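This report refers to the structure that appears directly beneath it.
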Amino acid sequence: MRKCAIYARVALPGQQVSGQLLPLRKLAAERGFEVAAEYQDVGISGTKSRRRGLDALMADARRGRFSLVIVESFDRIARSTKHFLQVLEEFGKLGIEFISTKEGIDTTGPMGGSLMTLIGSLSALEGGLVRERIRQGMARRRLEGFRLGRTPLNVNRGAIVRDRCSGMSLTSVARKYSISRASVVRFVHDAQRSFAPVGQFPPVSANMRVELVA
């Protein structure tokens, strides 16, 4: 008997998932599927990126616990069109089929393979469109004269490196110049890799190396 998983979600704490689970159990019984597990999220918005029930469903899918997932509708399992396509694309790679009763989607039928191929193409298209919009936005900002990327820190890097290499603690240097510890580490490493004359900056001791990555 083929094993399936059932997933249900309600957005409000007072709502019951039984209204979704009962019809899905009935469908599984009518089709001769064994329900290997049921996953549910109660009081969880569909816009949440992390959901305990959905995370468990995806983890068990990767373990091969079932070969079919049944839901009431798309919006129960996915938070957006992009997310839905990603989920179905992963199901396809795992050899897991999908049924959504409200939309009448059933990849177990004769057209199931074609549908999964189409879903994979739509997912690739979505990713391509997003990347294109990002590139166009960056190009437009350049034409408008805006600087892209991180704004350089307006600090005396030489003084920072000298203070650090003279023995001042990483935290003290960061506080003195109102910058992050990571920036101090980066400036010291940049100075060591630069073409500055030998001896301009004292070498970093073993103890300092430990603190640099602390």
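Summary table below
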{"quantity": "Where a residue in segment 81-100 is among the polar types (S, T, N, Q) and its partner, wherever it lies, is at pLDDT 90 or above, with Cβ under 6 Å and at least six apart", "calculated": "Ser100/Val71"}
{"quantity": "Residue check, Arg140 under 30 Å from Ser178 (Cβ atoms), modelled with pLDDT of 60 or more and not aliphatic (A, V, I, L, M)", "calculated": "no"}
{"quantity": "Leading residue by the ranking (farthest from Gln16 (Cα to Cα)) among those in segment 37-67 that are part of a helix (DSSP H, G or I) and free of Cβ contacts under 8 Å to residues at least 24 places away in the same chain", "calculated": "Ala59"}
{"quantity": "Segment 68-84: number of residues that are part of a helix (DSSP H, G or I), within 14 Å of Glu103 (Cβ to Cβ) and not charged (D, E, K, R)", "calculated": "4"}
{"quantity": "Selected residue (criterion: modelled with the lowest pLDDT) from residues of segment 187-200 that are under 17 Å from Met168 (Cβ atoms) and either surrounded by 15 or more Cβ atoms within 10 Å (Cβ to Cβ) or among the aromatic types (Phe, Trp, Tyr) (or both)", "calculated": "Ala191"}
{"quantity": "The listed residue being more than 23 Å from the chain's Cα centre (by Cα) and in contact (Cβ under 8 Å) with a residue 60 or more places away in the chain, out of Glu34, Glu72, Glu30", "calculated": "Glu72"}
{"quantity": "Hey, Val10 touching a strand residue (DSSP E or B) at 6+ places or on another chain (Cβ under 7 Å) and under 15 Å from Ile99 (Cα atoms) or not", "calculated": "no"}
{"quantity": "Answer residue from segment 75-110, given it is crowded, with 17+ Cβ neighbours inside 10 Å and of a type in the set (S, T, N, Q) and is nearest to the chain's Cα centre (by Cα) among those", "calculated": "Ser100"}
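The values are calculated or read from the model by the stated rules, or taken from the named source; none is laboratory data. All of these numbers come straight from a predicted model, not from anything done at the bench. Here the Cβ is made from the backbone with ideal geometry for all residues, glycine too, and neighbour counts use every protein chain on show.
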